[in-house]
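> The structure follows.
Please treat every number below as a calculation from the coordinates, not as lab data. All values derive from a computational prediction rather than experimental measurement. Heads up, the Cβs are rebuilt from the backbone with ideal geometry, glycines too, and the neighbour counts pull from every protein chain shown.
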Amino acid sequence: MPRFEPRRLLTDAALALALLALTLTPGLVTGAITPEKAGESADYLSKTGIPVTSGWWLFSGLVVAGLLIRQHRPVPALLLIATGTFGHLVLQTKFQLLDLALPLVLYTVASAARNRRRALAMLALTMILTYLAMLAGRIGIQDEQKAALAKKEAQAQLQSERAAPDVPRTKIASSAKTVPVDVLVDTSQSVLEIWLLSVAAFAVGDGMRSRRAHLAAVEQRNADLAREERQRAALAVAAERARITRELHDVVAHGMSVMVVQAQGAAAALERHPDRAADALRHVVDTGRSSLAEMRRLLAAGRTGPAGTDPAGTDPTRTDSAGTDPAGTDAPGTDPAGAARLRPLPGMGDVPALVDQLRSTGMPIELAIEGVPDALPAAVDLSAYRIVQEALTNTLKHAGPGAGARVLLEFHPDRVRLEVSDDGRGPAGGEDGHGNGLRGIAERVAMLGGDLETGPGAGGAGFRLAATLPLSALLVGP
């Protein structure tokens, strides 16, 4: 239902008054300028041709009332206007200017209809009733003419009988008799104008309704697309955060584990073997700087500022005025953030260096390579390195003192297979290396559409991890 607006009510009231004035003005002007003749009635309304019966004014009031509620209540307005128009057609059998309200309200009904079939049914019913109303009016006028003619003939025959009562009289047939088919054809021709106006007004209103529906559908589609775009952006942000979190976990877990083991070795060798302690401390410094630089690279990749700098000027990787890192871990005059951004991401080619780094902690590691290493997709290359890194970090943290590890890299034309096993104490549930670390590995493998196997090693001792990554690098998840 349209919302009530006083402005629309005033517009419809002005329209109703205009139609009523246009209907009455010609007759009023004609009555004013027509001179009176001797013997004629001095009734002004009779001279103007305006109906003086209360029925005409009642039907006109219904039309005006329907116009007033046309935009607020289209269907009740159609009922009122149709009733008034039908009354006019029955009384006068002709279409007046005031009856233009009927096509106008049909336009409103068509433009505001929620069900197009119902609106079409209202149009058809209105056209049928319009025809019947005009037909009833013409039949009524014909009957009146017949009655008047019959009365006149009866009076003429009575006068002739009085003048010559002995002369036989022949009954005169009434010439006012009309064939019903002629009445139907004449009515059809007269009502055609109303039908054309009604159909045209309905078609325009239906076109307006279709246009509004189309615009509403387009706006809804645009809103849906905007919402889907926001959802995709949110999912992309969440996926990127998860990726950075996974990368940071691998970097921090590996770096901190190596640093802790090296620091423990340095503390143990500080008194008896100072040179070994110094080497271990240098390894701690190198590992810390490498991990810090890799963390900076990951964080810089997610910044929105140019060249990886923070827009607010609070970039933690920015050097101070002396050209040194705020943490004091980098050499003076260097730009660790810039170097980290330019350094390529690690891959399978860095696995030997990773093994050597962990061997420096005292953990025996055997590295075996089968097949011919070839260029790998970037996603597979990085993920394979991170899987080996996390698996060896878990071995260093959880396998126990003196445990050794074996790394097997198998290169195939369509896949890469990684296997990391140790002879330590086996999985220890609830520890960090066997919680977030394994979950991160599982996410990487699932993202690349690969297979992952984890569990006890051969004979139930130690822990074994085997991952198969297809070289298609087709991402199947976020």
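> According to a simple spin-label model (label point 7 Å from Cα along Cα-to-Cβ), what is the distance in nm between ALA65 and ALA375?
8.8
> Regarding segment 185-253, what whole-number volume in Å³ per residue does the convex hull of its Cα atoms give?
Spelled out: Cα convex hull of segment 185-253, divided by residues, is 49 Å³.
> Rounded to the nearest whole Å³, what is the per residue volume of the convex hull around the Cα atoms of segment 346-478?
In segment 346-478, the Cα hull volume divided by residue count equals 98 Å³.
> While we're on this one: Given all pairs of different Cα atoms, what value in angstroms does the Kirkwood hydrodynamic radius of segment 83-138 take?
Kirkwood hydrodynamic radius for segment 83-138: 11.8 Å.
> Put a dot 7 Å past each Cα toward the Cβ at ALA278 and ALA136; how far apart are the dots in nm?
12.1
> How large are Rg and Dmax for segment 238-296 when only the alpha carbon atoms are used, in Å?
14.5, 51
> Kindly write out, for segment 401-408 in residue order, the coupling ³J(HN,Hα) from the Karplus curve 6.51 cos²θ - 1.76 cosθ + 1.60 (θ = phi - 60°), rounded to whole Hz, with x marking Gly and Pro.
x, x, 6, x, 9, 10, 10, 10
> What list of ³J(HN,Hα) values in whole Hz, one per residue of segment 223-229 in order, does the Karplus curve 6.51 cos²θ - 1.76 cosθ + 1.60 (θ = phi - 60°) give from phi, with Gly and Pro shown as x?
So the J values, rounded to whole Hz, are 5, 5, 5, 5, 5, 5, 5.
> Whole-Hz Karplus ³J(HN,Hα) for segment 214-222, in order, using 6.51 cos²θ - 1.76 cosθ + 1.60 and θ = phi - 60°, x for Gly and Pro?
Residue by residue, segment 214-222 yields 5, 5, 5, 5, 5, 5, 5, 5, 4 Hz.
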